[in-house]
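Reading through the structure tokens given below for one structure.
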Amino acid sequence: MADQPVVELRGVRKAFDRNEVLRGVSLGLSKGTTLAVMGGSGAGKTVLLRLCAGLIYPDAGEIRLFGQNIERLREEAMLPLRRRTGFVFQGAALFDSLSVFENVAYPLREHTSWSEGEVTDRVHRFLSLVGLPGTDSLLPAELSGGMKKRVGIARALVLEPEVVFFDEPTAGLDPTNARVVGELIAELRSGVCDTAIVVTHDVEFAGMVADQMAILHDGRFAAMGTPAEIHGSAVPAVQAFLAGELRGN
């Protein structure tokens, strides 16, 4: 079906020890939509994102990625689906011992049998796309926080995925670098990848990149809708978050 959600959750629950983080979360992400999932510290935003990407399993409920149930899928069965997704980790999660070039090339070497020339062309294209041409030989330790984030984005996009999951892409960045990353993600929507879930606590950033927003509170979505609908919401938890009372990393 053409209108089938790219990512779909139905009644998803997840607990760690006795701490129930998600208490029956449902959502549907359509192609061409960027959803910003916001909430306070410990609200379960990253847990939700990792569940959507098939990196962890739910305790209950259904998760579908590209129409396929993944909540109990084995790793080998996940590989073809994983190739169609990109994941940008909060701390960039670059390999410290690999150069910028090899970090970005890593997914291509794992998932394709391309020639070295093809790999080089693709890596250089995406490093230029994120504003980092000429950084091939640098190691992660030589990069600023903002540069690491952009290398992480290039690596997540290099396979040209159908959906990208961003975990706090502006965390730890100063306002200038946060805006650069926000503008980059907004630009990518009209080019490389038009479908994404972005986890963030930054309301201004969410407004830059998303056409749908959701507020996660007490294990459930307190509200979901367009930015205008969220900002106009009368739900107390939403108002408290927007006012900064529930904010945090």
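The values are calculated or read from the model by the stated rules, or taken from the named source; none is laboratory data. All values reported here derive from a predicted model rather than from experimental measurement. FYI the Cβ positions are ideal-geometry reconstructions off the backbone, even for glycines, and counts take in every protein chain you see.
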#### Entry: Matching strands (runs of 3 or more DSSP E) fully within region 1-69 where at least 2 residues are of a type in the set (Lys, Arg)
7-16
### Task
List every residue pair whose Cβ atoms lie under 9 Å apart, where the two residues are 6 or more positions apart in sequence or sit on different chains, the first residue falls within region 114-125 and is within 15 Å of residue 102 (Cβ to Cβ), and the second residue, located anywhere, is among the hydrophobic types (A, V, I, L, M, F, W, C) and not in a helix (DSSP H, G or I).
122/114; 122/158; 122/159; 123/158
#### Entry: Only listed residue being touching a Ser or Thr at 6+ places or on another chain (Cβ under 8 Å), surrounded by 19 or more Cβ atoms within 10 Å (Cβ to Cβ) and not charged (D, E, K, R), chosen from 214, 196, 237, 156
196
### Task
Taking residue 148 as meeting all but one of (1) over 22 Å from residue 43 (Cβ atoms); (2) in contact with a Ser or Thr (Cβ under 9 Å, 6 or more places away or on another chain), write down the number of the exception.
(2)
#### Entry: Neighbours by Cβ (under 6 Å, 6+ apart or cross-chain): first from region 92-107, on the phi > 0 side of the Ramachandran plot; second in a helix (DSSP H, G or I)
92/148; 92/149; 92/152
## Note on the structure
How many residues of region 7-31 are under 15 Å from residue 217 (Cα atoms), within 17 Å of the chain's Cα centre (by Cα) and at pLDDT 95 or above? The answer is 0
